[in-house]
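Here is the structure we will look at, set down as structure tokens.
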Amino acid sequence: MAQSFVVHPQNPQPRLLKQAGELLAKGGLVAVPTDSSYALVARLDDKTAADSLRRLRGLDERHHLTLLCRDLAEIGHFARVDNRQYRFLKMATPGPWTFILEATREVPRRVSHPSRKTIGIRVPDHPVALGLIEHAGSPLISTTLIPQDEDEPLNDAEEILSRYANQLAAVIDGGPCPLQPTTVIDLTGPEPEVVRRGQGDLSALGLD
């Protein structure tokens, strides 16, 4: 049965985030609020948890999972970033954007795209998500919490708990999130390419 941690959305209680981080360390999946929508997260180094995450969402290996990082420096550890990409990332992070970048060897092959060797990476602009990453001690793999065969992400922590009580280790209730996933931007080409429109003002990045 999933645990429920009700936290303040702007000043989440460290004690509760620590407990959620301990559940991640034991191989559990956790639902966490972000600046785009609720997301499912697991530890990067846990193959079983990653498989469970894909299975719960109904995703195949070609679907990009997203790596939630604390800051730009951490992005550079898990993705190859040239000067042009770095300037763009510096302008856009933190925020509701997911960037497709070439993965480094620090990213397990099971997480990166099987043919392109790319990974989705973002720095969320949400105290709860950032606090959980901090307590986990490393970036977390994630995917938007959209139920299998549905189109809209879930936004209510109680509904998430009732629907996935036996599949999640915990739900962190930080109140409602926006009902849109992140905007996905591919930075592997000569120019940024918008792959999916979601949260965020593209004009602020010079892309609209």
How many angstrom separate the Cα center of the range 56-126 from the Cα center of the range 132-208? 13
I'd like the trypsin sites (Lys or Arg not before Pro) in the range 1-49 restricted to DSSP loop residues with at most 14 other Cβ atoms within 10 Å, sorted by number. LYS26
Kindly provide the pair-distance distribution of the range 33-92 built from C-alpha pairs, with 10 Å bins from 0 and whole-percent values in order of increasing distance. 17, 43, 32, 8
What the Cα atoms of the chain span along the principal axes, largest first and in whole Å, is 47, 33, 32
With a ≥ b ≥ c from the Cα gyration tensor eigenvalues, square-rooted, and the rule rounded for a/c under 1.5, otherwise prolate when a/b > b/c and oblate otherwise, the range 10-119 is oblate
Express as a percent, rounded to the nearest 5, the fraction of DSSP beta bridges in the chain (both residues included) that run antiparallel. 60
Order of 128-141, 56-69 by packing, highest average Cβ count within 10 Å first? 128-141, 56-69
For the range 68-74, take each phi angle, set θ = phi - 60°, evaluate the Karplus expression 6.51 cos²θ - 1.76 cosθ + 1.60, and give the result in whole Hz per residue in order, putting x for glycine and proline. 8, 10, 7, 6, 4, 4, 5
Cross-link reach list, lysines versus LYS18, counting only Cα pairs under 24 Å and skipping chain neighbours closer than eight places: LYS26, LYS47
Relative contact order, percent, of the range 1-125 when contacts are C-alpha pairs under 8 Å separated by at least 6 residues? 24
Given H placed on each backbone N at 1.01 Å, which residues far from THR118 in sequence or on other chains put an amide H within less than 5 Å of it? ALA103, HIS113
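Each reported figure results from applying straightforward, stated rules to the coordinates on display, with no laboratory input. All values reported here derive from a predicted model rather than from experimental measurement. Glycine gets a Cβ as well: all are built from the backbone with ideal geometry, and neighbour counts include every protein chain shown.
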